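One structure is given below, encoded as C-alpha coordinates.
The values are calculated or read from the model by the stated rules, or taken from the named source; none is laboratory data. All of these numbers come straight from a predicted model, not from anything done at the bench. Neighbour counts run over all protein chains shown; Cβ positions are idealised from the backbone, glycine included.
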Amino acid sequence: MKIDEQYVRVPAGEKFWNLLDMIFTDEFMKKYTNFDNFDNFKYSSAVMVNWGQEYMIYSENVFNHFIVESTRFTTWNDMVIKAADEKFVKE
(Lines give C-alpha, C1' and ligand atoms only; values in the text may rest on other atoms or scores of the structure.)
Protein backbone atom coordinates (compact mmCIF):
# COMPACT_ATOMS: atom_id res chain seq x y z
CA MET A 1 0.00 0.00 0.00
CA LYS A 2 1.49 3.35 -0.99
CA ILE A 3 1.21 6.00 1.70
CA ASP A 4 2.26 8.80 -0.66
CA GLU A 5 4.09 9.28 -3.94
CA GLN A 6 7.47 8.19 -2.58
CA TYR A 7 6.95 5.73 0.27
CA VAL A 8 5.65 2.18 0.41
CA ARG A 9 4.26 0.65 3.61
CA VAL A 10 4.02 -3.15 3.68
CA PRO A 11 2.47 -4.98 6.64
CA ALA A 12 5.15 -7.21 8.10
CA GLY A 13 5.68 -9.24 11.23
CA GLU A 14 7.64 -12.26 12.32
CA LYS A 15 6.31 -14.54 9.54
CA PHE A 16 7.07 -11.92 6.88
CA TRP A 17 10.64 -11.37 8.08
CA ASN A 18 11.23 -15.12 8.43
CA LEU A 19 10.00 -15.64 4.86
CA LEU A 20 12.47 -13.05 3.55
CA ASP A 21 15.27 -14.74 5.50
CA MET A 22 14.20 -18.07 3.98
CA ILE A 23 14.10 -16.98 0.33
CA PHE A 24 17.23 -14.83 0.39
CA THR A 25 19.68 -17.68 0.84
CA ASP A 26 23.43 -17.13 0.85
CA GLU A 27 23.56 -18.83 -2.55
CA PHE A 28 20.97 -16.43 -3.98
CA MET A 29 22.68 -13.38 -2.51
CA LYS A 30 26.11 -14.38 -3.85
CA LYS A 31 24.68 -15.13 -7.29
CA TYR A 32 22.53 -12.01 -7.77
CA THR A 33 23.91 -9.32 -5.46
CA ASN A 34 27.14 -7.73 -4.25
CA PHE A 35 26.59 -9.32 -0.83
CA ASP A 36 27.52 -12.68 0.67
CA ASN A 37 24.29 -12.96 2.65
CA PHE A 38 20.99 -11.28 3.42
CA ASP A 39 22.21 -9.89 6.74
CA ASN A 40 24.91 -7.89 4.96
CA PHE A 41 22.33 -6.66 2.46
CA LYS A 42 20.02 -5.54 5.29
CA TYR A 43 22.88 -3.83 7.11
CA SER A 44 23.89 -1.92 3.98
CA SER A 45 20.33 -0.87 3.20
CA ALA A 46 19.35 0.02 6.77
CA VAL A 47 19.38 3.72 5.89
CA MET A 48 16.45 3.01 3.54
CA VAL A 49 14.57 0.27 5.40
CA ASN A 50 13.95 -0.35 9.09
CA TRP A 51 14.19 -4.15 9.02
CA GLY A 52 12.28 -6.33 11.48
CA GLN A 53 9.50 -3.92 12.37
CA GLU A 54 5.70 -4.28 12.21
CA TYR A 55 5.71 -2.55 8.82
CA MET A 56 8.34 -2.39 6.11
CA ILE A 57 8.35 1.27 5.12
CA TYR A 58 10.71 2.52 2.45
CA SER A 59 11.15 5.11 -0.24
CA GLU A 60 10.48 3.18 -3.42
CA ASN A 61 12.76 5.36 -5.54
CA VAL A 62 15.68 5.38 -3.09
CA PHE A 63 15.48 1.67 -2.28
CA ASN A 64 15.15 0.67 -5.92
CA HIS A 65 18.18 2.81 -6.74
CA PHE A 66 20.09 0.83 -4.12
CA ILE A 67 18.78 -2.40 -5.70
CA VAL A 68 20.02 -1.33 -9.15
CA GLU A 69 23.46 -0.44 -7.81
CA SER A 70 23.98 -3.54 -5.66
CA THR A 71 22.08 -6.36 -7.39
CA ARG A 72 21.18 -7.69 -10.83
CA PHE A 73 17.59 -6.43 -10.42
CA THR A 74 15.85 -3.16 -11.24
CA THR A 75 13.36 -3.23 -8.35
CA TRP A 76 12.92 -4.73 -4.89
CA ASN A 77 9.76 -6.47 -6.14
CA ASP A 78 11.71 -8.16 -8.96
CA MET A 79 14.30 -9.35 -6.46
CA VAL A 80 11.68 -10.79 -4.09
CA ILE A 81 9.86 -12.56 -6.93
CA LYS A 82 13.05 -14.14 -8.28
CA ALA A 83 14.12 -15.32 -4.82
CA ALA A 84 10.66 -16.80 -4.11
CA ASP A 85 10.61 -18.51 -7.52
CA GLU A 86 14.03 -20.04 -6.95
CA LYS A 87 13.03 -21.24 -3.48
CA PHE A 88 9.52 -22.55 -4.16
CA VAL A 89 8.97 -23.10 -7.89
CA LYS A 90 10.23 -26.37 -9.26
CA GLU A 91 11.15 -26.02 -12.92
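Worth a mention:
- When restricted to residues that are charged (D, E, K, R) and in a loop (DSSP other than H, G, I, E, B), the stretch 58-91 contains 3.
- Matching residues, the stretch 59-91, being surrounded by 14 or more Cβ atoms within 10 Å (Cβ to Cβ), β-branched (V, I, T) and over 19 Å from K15 (Cβ atoms): V62, I67, T71, T75
- Complete set of residues in the stretch 50-72 that are closer than 19 Å to T25 by Cβ and either at pLDDT below 95 or over 11 Å from the mean Cα position of the chain (by Cα) (or both): W51, G52, S70, R72
- Every residue from the stretch 33-58 that is buried (at least 17 other Cβ atoms within 10 Å of the Cβ), among the hydroxyl-bearing types (S, T, Y) and either out of contact with any Phe, Trp or Tyr (no Cβ under 7 Å at 6 or more places or on another chain) or closer than 22 Å to E14 by Cα (or both): S45, Y58
- Within the stretch 13-38, the set of residues being assigned to a loop (DSSP other than H, G, I, E, B) and either of a type in the set (K, R) or in contact (Cβ under 8 Å) with a residue 40 or more places away in the chain (or both) comprises G13, F24, T25.
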